[in-house]
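J.: The structure under discussion is supplied below as structure tokens; questions concerning it will follow.
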Amino acid sequence: MKHLLKLMDLSPDEINEILNLADQLKYEKRNGIEHHHLKGKTLGMIFTKSSTRTRVSFEVGMYDLGGSALFLSSNDIQLGRGEPVEDTARVLSGYLDGIMIRTYKQSDVETLAEYGSIPIINGLTDYCHPCQVLADLMTIREFKGSIKGHKLCYIGDGNNMAHSLIVGGIKMGMSVSIGCPESHQPDSDIMEWASKNGDFVCTSDIYEAAKDADVLYTDVWASMGQESEAERRKKIFAGYQINDSLMAVAKPDAMVLHCLPAHREEEITAKVFEEHAKEIFEEAENRLHAQKAVLVKLLKD
Ligand code: CP
Ligand code: NVA
């Protein structure tokens, strides 16, 4: 593994290795055991979109590992004024040991990896969010004891989160169902891959999608960059919500996950959110541990 650009590039064994190391790093952090695996290493963190979890967890993660992190807002570096990604990649490769980037186009992340000579980590694009799903899989394993064989149901927009959940879930042997409007289905290539490689369903009937689910997952109706469509999307996604009546068709011990930030009474009711706050905030914490595992795998000598 040279980069983390998308989960499709990882084998199930590589995902398992990351999750095992994440569990170990979480245990060590909880018990005050120092783990300076990246002493003297510097991670650059390029953001062209907002972030709370990704920014803070990567920055704290690098400090925990004995290294340092630089926050590079695209507004403040020449990338934001049109300097090509190809040049930015070659310049930053001379200063840094790795780059985490959050941006719009997946192709920009791939170009950074192609032209740079250091590991590149995708911290979210319009296409996918691999770091989030590594933390999600870690959380599912923590709460359910295992991943394989459990049913993961995602309700909402066929967006970056849906894409990474489909790929991560199927690779780890979960059965995956998506409940979304016909007009906002996930990428057809990903759905075709999922149908060939595992147990996958995409339906506009959320009750069919959620039936007997072990894990219910949702995300905002309007992602970053879609702010101007927010009102229109509220109409399209009305009803694509995790609420008590949907919970009633899932398994009685179903867990609920949300990548956050959450919009209460839109994709999830405040009641269901608070009833499952334990899992949801453990999931948010696990971003730190899962990403530290990725950093160690990619940046350690
Ligand atoms: N879930 C997630 O990536 O959160 P941020 O946008 O706060 O980084
Ligand atoms: N789909 C959301 C995920 C945020 C973590 C977005 O792209 O804004």
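J.: Please go through the stretch 72-86 and give me each residue that is among the acidic types (Asp, Glu) and in a helix (DSSP H, G or I), ordered by number.
T.: Glu86
A quick yes/no check of all residues on (1) more than 16 Å from ligand 1 (Cβ to nearest atom); (2) among the β-branched types (Val, Ile, Thr); (3) without any contact (Cβ under 8 Å) to a residue 60 or more places away in the chain:
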position: Glu59; (1), (2), (3): no, no, yes
position: Phe71; (1), (2), (3): no, no, yes
position: Glu83; (1), (2), (3): yes, no, yes
position: Asp87; (1), (2), (3): yes, no, yes
position: Ile101; (1), (2), (3): no, yes, yes
position: Leu112; (1), (2), (3): yes, no, yes
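J.: Can you name the number of the only condition in (1) over 19 Å from Asp253 (Cα atoms); (2) in contact with a helix residue (DSSP H, G or I) (Cβ under 8 Å, 6 or more places away or on another chain); (3) surrounded by fewer than 23 Cβ atoms within 10 Å (Cβ to Cβ) that Glu182 fails?
T.: With respect to (1) over 19 Å from Asp253 (Cα atoms); (2) in contact with a helix residue (DSSP H, G or I) (Cβ under 8 Å, 6 or more places away or on another chain); (3) surrounded by fewer than 23 Cβ atoms within 10 Å (Cβ to Cβ), Glu182 is out only on (2).
J.: Among the listed residues Ala113, Ala69, identify the single one that is under 24 Å from the mean Cα position of the chain (by Cα), small (Gly, Ala, Ser) and not in a strand (DSSP E or B).
T.: Values: Ala69 fails: not in a strand (DSSP E or B).
Sole residue among the options that is under 24 Å from the mean Cα position of the chain (by Cα), small (Gly, Ala, Ser) and not in a strand (DSSP E or B): Ala113.
J.: On to the next question. With a cut-off of at least 2 residues that are surrounded by 13 or more Cβ atoms within 10 Å (Cβ to Cβ), touching a residue at least 40 places away in the same chain (Cβ under 8 Å) and small (Gly, Ala, Ser), name the helices (runs of 4 or more DSSP H) lying wholly within the stretch 192-292. Before you say what the answer is, go through the steps one by one.
T.: Numbers: elements: 206-210, 230-237, 244-247, 270-275.
In the stretch 192-292, the matching helices (runs of 4 or more DSSP H) lie at 206-210.
J.: Any residue in the stretch 32-52 that's touching a residue at least 12 places away in the same chain (Cβ under 8 Å) and under 13 Å from Leu295 (Cα atoms): show its pairings with residues that are within 16 Å of ligand 2 (Cβ to nearest atom) and not in a loop (DSSP other than H, G, I, E, B) at Cβ separation under 7 Å, as long as the two are six or more apart or on different chains.
T.: Note: pairs meeting the criteria are Leu43/Phe58; Leu43/Met100; Met45/Arg55; Met45/Phe58; Met45/Met100.
J.: In the stretch 123-164, which residues are assigned to a loop (DSSP other than H, G, I, E, B) and within 12 Å of ligand 2 (Cβ to nearest atom)?
T.: Matches in the stretch 123-164: Gly123, Leu124, Thr125, Asp126, Tyr127, Cys128, His129, Gly156, Asp157, Gly158, Asn159.
J.: How many residues, within the stretch 215-266, are touching a Ser or Thr at 6+ places or on another chain (Cβ under 9 Å) and more than 30 Å from Lys105 (Cα to Cα)?
T.: Qualifying residue count, the stretch 215-266: 3.
J.: Can you name every residue in the stretch 26-55 that is within 15 Å of ligand 1 (Cβ to nearest atom) and loosely packed, with under 15 Cβ neighbours inside 10 Å?
T.: Ser50, Thr52
J.: Answer yes if at least one residue in the stretch 177-187 is charged (D, E, K, R) and within 16 Å of ligand 2 (Cβ to nearest atom), and no otherwise.
T.: Yes: one or more hits.
Only the coordinates and a few stated rules stand behind these numbers; no lab work does. Since the model is a prediction, treat every value here as computed from it, not as a measurement. Positions of Cβ are generated from backbone atoms using ideal geometry, with glycine treated the same way; all protein chains shown enter the neighbour counts.
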